Structure formats: C-alpha cells, structure tokens
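First up is the structure itself, then whatever we jot down about it.
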Amino acid sequence: MSDIAQKVKNIIVEKLGVEESEVTPEASFTNDLGADSLDTVELIMEFEKEFNLPIPDDEAEKISTVGLAIEYLEKHIGK
Amino acid sequence: MAFKRVVVTGLGALTPIGNDVPTYWSNLAAGMSGAGLITKFDASKFRTHFACELKGVDVTQYIPRQEARKMDAFTHYALIATEEAVKDAELNLDAIDKNKVGVIWGSGIGGLKSFEDEMIDYAKGDGTPRINPFFIVRMIADSASGQISMRYGFRGTNYVTVSACASTNNAIIDALNYIRLGRLNMCVVGGSEAAVTKAGIGGFNANRALSERNDSPETASRPYDKDRDGFVMGEGAGALILEEYEHAQSRGAKIYAELIGGGMSSDAYHITAPHPDGLGAFLGMQDALNDAGIAPEEIDYINTHGTSTPIGDPQELKAIYQLFGEHSFKMNISSTKSMTGHLLGAAGAVEAIACIKAMEHQLVPPTINHFTDDDEIDSRFNLTFNTAQERSITTVMSNAFGFGGHNAIVIFRKPS
C-alpha cells in the first residue's frame, strides 16, 4: 500500500470511527462507512490539510469512495 | 382553564464537587470546595489561575467518540446530566408520548472552546479559511437541546434560553408554563456551561468579575465575606425532569418537589452592574411569589445568586429585605456557589437541585469560606455560614441573575 493510501485510511478511521478493515477501496463514505454530508466535507478538508493540496469543489464532489480519494491524491500530489 | 400542576421527577448533576446527584449533594452538605488551579490550559499569564473544574469525567463512557467529537464540551455535559435525570425518573421511553416531551436548556455562552480553537487555528494560517464543517454546530448554544432530543426522540418544544447566568431559570420557567397550559406532558430542563477556557477566563478577567485570589483557590469563592473579590468560574451541568402532576402520578413516578412558580424581571440599568437598590431582583422575586400564589413568609430557604462579588452580594440581600422584611432574618439563606463556583448559565440548574435535595434532607447547604463579617451586610441574616443547618424546609426559592440585567427566580415546594 502506498504511503498516501495509508494516510488516507488513517484519516478515515480517525474521523468516521470505523475499523481499518472496513476501509476498502470500493467502500463508499456515505453508503458503507456511515458518513453524512458534513462528514464528507470534513474528510476532504482533512485530506487537503494532510497533503497540503487544495481540492476544488467540483472535484471534491466526485470523491465518494476510499479508492477515488486515493486515486485523486496520488494523481495530484507532487506534480 | 385551570392550570395544570408541575412536579420534578428526575435529577441529574455533573458538577465540580460531584459527577452525579448523590455525590454532589453529600459534598454540598459537607461544605466542600470544588476550586483548584486550572488544568485545562496554561493560565499562568492570566490574572486568575484557578477555577472550579469538573474532575475525572470520561465523556466516551456516555457518548460514542464519533458523536462526541462533533460536540462542544457544554453539550457533552448536557447529555451526561440528562442521562442521569432520565434514568432517575425511570422513564419508559416506549410507553410515553414523546411528541409531548420537550427539551428547554440553558447556556450562557454555548461552545466557547469550539469557537476559540477554530479561530486560533485559522489565525495560524495564511488567511485561507479551512473551517471545520462541524464548527457551527459545535458552537451554537442550541445544539445542547437538539442533541438531547435526538438521543431520546423527544419531539416536543425544543430550544435553548440565553440570558447569561439566569439562563437555566428562564428555561425552567418556560417549561413550567408550557406544562401548566397542557402543551407538554414533560420537559427536560437544565443548563450546561464549559467556559473554563482562555477566552472565558480572559474575558471575565478583563471585566474584573473573577476572584484573583491565586494563593488560595479553595477559599476564593466567599459570598458575603468582607474580603470577597469576585466570582470563581465553575463548569458542568444540571438536568431536571419536569412533569405534569397527573402524568407523573399515573406512571407511579417518584415526586421530588412541585415547581410552584417562577418570576422574571429586568434591571433595565447596566450591562454588568446590578441595580444599586436591587430593584430588578426585588421585582423578580415578587413576581415569583405572585406566580406561586404564596406569601413571603412561606419561603424557608433562599439559594441566592450570591456570586461573591463586592457589589452583587449586598444588593441581592437588600432586595430580599425589601420584599421579605423581618422574615428575611427567620429564613435560611445560602450561596452554594461558595462550593461549586459559578456555573454561569448552568448555575440555576445545579442550584435548583441543591434546593430540592435540601427539602428532601431538611438540611440547608452552607455558604462556606466565611472568615470576616462585612459591615455592609446585616448580621441578622442567617447566611448559613460554614456548616449546613438542619431546619424544616417546605418551600424554597432559587435566584439567578445575569449580565444584561436578567433576573429569573423559581420556587419549589416539598410534595405533601
């Protein structure tokens, strides 16, 4: 697992209070991990803080699963 | 239409001298101080280094961590005290009409630390706002009553009263009137405050309201003592279950007390100083007696606002003398803030509980820390100095006054 993926997982476990085993790439924040709309906003903000990377709103709206978050971050970090 | 009667059927307390009602009461009766040096932050550069903090509260024992982190401490305290009160009232949540159960809560400030933390964090950045989406819901004062309703499914009237240190008494009086009118069968009332923070201590230091007796925190809250120098900040919560009398009887509830009246007034004078003749306090207490339909001589004990400030303490006594005359010297008076500190918006909540337990045990909790008589204070008042006093107590009055000139007074009677 990449360093980015691990950090994303840690943030999700911390903020949503779920077990790490539940945080699979296909897990949806709202449908599988119990997040509401505010939780999702908070997660995006935590990613922005952790990786020092502003995520535009129209991009953030598309990040609905763990996998999509990791994919987005891996693509944009360090470029 | 005849008013319905309102009784108290459950109590919950989270205080600097006890994390539940039995502990709180036994420490009140014993005259314990809840004051100590501030542990929540480094207060060494502040004028005041101490407060009456809560001790050993494990929030996650009551609220799942995931929920707890979306709330300010004042909401945690509200939920913890309410849980005790709901259990104490032995409510069968499946058997009552939850649409007729309200929640009216009091908080003078709300989520002060949440506001403080977020803004400190913002100030460290480059000006780009990265405000947490839970910031507002943690901070706003009404989140306490909202969270209580969600936890138990109480769908009746729901809001928070904000009248500084009179907040809870306003909440109690509002609930009294809704139940009297038949609009609610029950109401969770109470108050919570969590203002032992940099902004809270610094702010009350700035307006010179706090005691600065840093060499002796335990004796700093000394209402009516000649050398009182301000109030000691307290934190915590109190909760009461108010219930329509017949509703309580029909489910065989234990009845602690009847809430027989509430009075309200405003000083219309100054944003912090009380009226020099105690006019607002007088009018509020008079209004409470009228509302209860009782004579002044029926009051056995007044739990005063008595915050230990140089100006406030004698003016409240002046108002009491004006209203009660010679009876002022026959009743007992005490300020339990000498032990708990001043819980601001939650003061009325924990003091209502002190009054109700005083009736139950026929024991007046003391005003501790009395060392030197004040010439300004008539020595004929029985201020219950230093040790609790046994006496027959049938009817009690609890006073709460707030910055802004708000006065709210409640009267409880022992069930016959």
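For n ≥ 4 DSSP H runs only, could you compute -39500 (n - 2.57) per run for the protein assembly as shown, divide by its residues and tell me the 222 nm figure to the nearest 500?
It lands at -10500 deg cm²/dmol.
With just the Cα atoms defining each centre, how far is the stretch B:1-67 from the stretch B:309-383? Give it in Å.
Result: 19 Å between the Cα centres.
Counting other C-beta atoms within 10 Å, and keeping those with at most 13, which DSSP coil chymotrypsin sites (Phe, Trp or Tyr not before Pro) do you find in the stretch B:301-404?
B:F371
Through the Karplus equation 6.51 cos²θ - 1.76 cosθ + 1.60, θ set to phi - 60°, convert the phi angles of the stretch B:114-122 into ³J(HN,Hα) values in whole Hz; use x for Gly and Pro.
Ordered by residue, 3J(HN,Hα) equals 4, 5, 4, 4, 5, 6, 5, 4, 4 Hz.
Ignoring trypsin sites (Lys or Arg not before Pro) that are buried or in helix or strand per DSSP, and keeping those with at most 11 other beta carbon atoms within 10 Å, what is the longest stretch of chain B between them?
B:46-379
Can you tell me how the stretch B:276-416 classifies by the Cα gyration tensor, rounded, prolate or oblate, using a/c under 1.5 as the rounded cut?
rounded
Check which residues have an amide H placed less than 5 Å from B:G261's amide H, if you skip close sequence neighbours.
Here the answer is B:I411, since their amide H atoms fall under 5 Å of that of B:G261.
So which of B:K40/B:K87; B:K4/B:K414; B:K254/B:K330 end up more than 19 Å apart, counting from Cα to Cα?
B:K40/B:K87; B:K254/B:K330
When Cβ neighbours within 10 Å are restricted to other protein chains, what is their mean count per residue of peptide B:129-135?
Average neighbour count from other chains, rounded to a whole number: 4.
For chain B, what does the alpha-carbon gyration tensor say about shape, rounded, prolate or oblate, given a ≥ b ≥ c as the root eigenvalues, a/c under 1.5 as rounded, and a/b over b/c as prolate?
Oblate shape, in that a/c is at least 1.5 and b/c is the bigger or equal ratio.
Using the crude model of +1 on Lys and Arg Cβ and -1 on Asp and Glu Cβ, and no other charge, please compute the dipole size for the protein assembly as shown relative to its Cα centre, in debye to 20.
So the magnitude is around 740 debye.
Quick one: what are the phi-derived ³J(HN,Hα) couplings along the stretch B:240-255, Karplus 6.51/-1.76/1.60 with θ = phi - 60°, whole Hz, x for glycine and proline?
Per-residue couplings from phi come out as 10, 9, 9, 8, 5, 3, 5, 4, 5, 5, 5, 9, x, 6, 6, 10 Hz.
Using the Karplus curve 6.51 cos²θ - 1.76 cosθ + 1.60 with θ = phi - 60°, what ³J(HN,Hα) values do you get for each residue of the stretch B:256-270, in whole Hz, with x for Gly and Pro?
So the Karplus estimates, Gly and Pro as x, are 7, 6, 9, 8, 9, x, x, x, 9, 7, 10, 5, 6, 9, 8 Hz.
Going by how many other beta carbons lie within 10 Å of each one, how would you line up B:W105, B:W25, fewest first?
Ranking B:W105, B:W25 by Cβ neighbours within 10 Å, fewest first, gives B:W25, B:W105.
Taking amide hydrogens as modeled 1.01 Å from N in the peptide plane, which residues meet the under 5 Å criterion relative to B:V232, leaving out close sequence neighbours?
B:S211, B:H342
Go through the stretch A:22-79 and name the chymotrypsin sites (Phe, Trp or Tyr not before Pro) that are in a DSSP coil and have 10 or fewer other Cβ atoms within 10 Å of their Cβ.
Listed in order of number, the matching sites amount to none.
Count neighbours as other Cβ atoms within 10 Å of each site's Cβ, and list the GluC sites (Glu not before Pro) in the stretch B:60-152 that are DSSP loop with at most 16 such neighbours.
B:E90
Using a ≥ b ≥ c from the Cα gyration tensor of the protein assembly as shown (square roots of the eigenvalues), is it rounded, prolate or oblate, where a/c under 1.5 gives rounded and otherwise the larger of a/b and b/c decides, a/b for prolate?
Prolate shape, in that a/c is at least 1.5 and a/b is the bigger ratio.
Read-outs: derived from the displayed coordinates by stated rules, not from any lab. The shown structure was predicted, so the numbers you read here are calculated from the model rather than taken from an experiment. Counting neighbours? That spans all protein chains shown, and the Cβs are built from the backbone with ideal geometry, glycine included.
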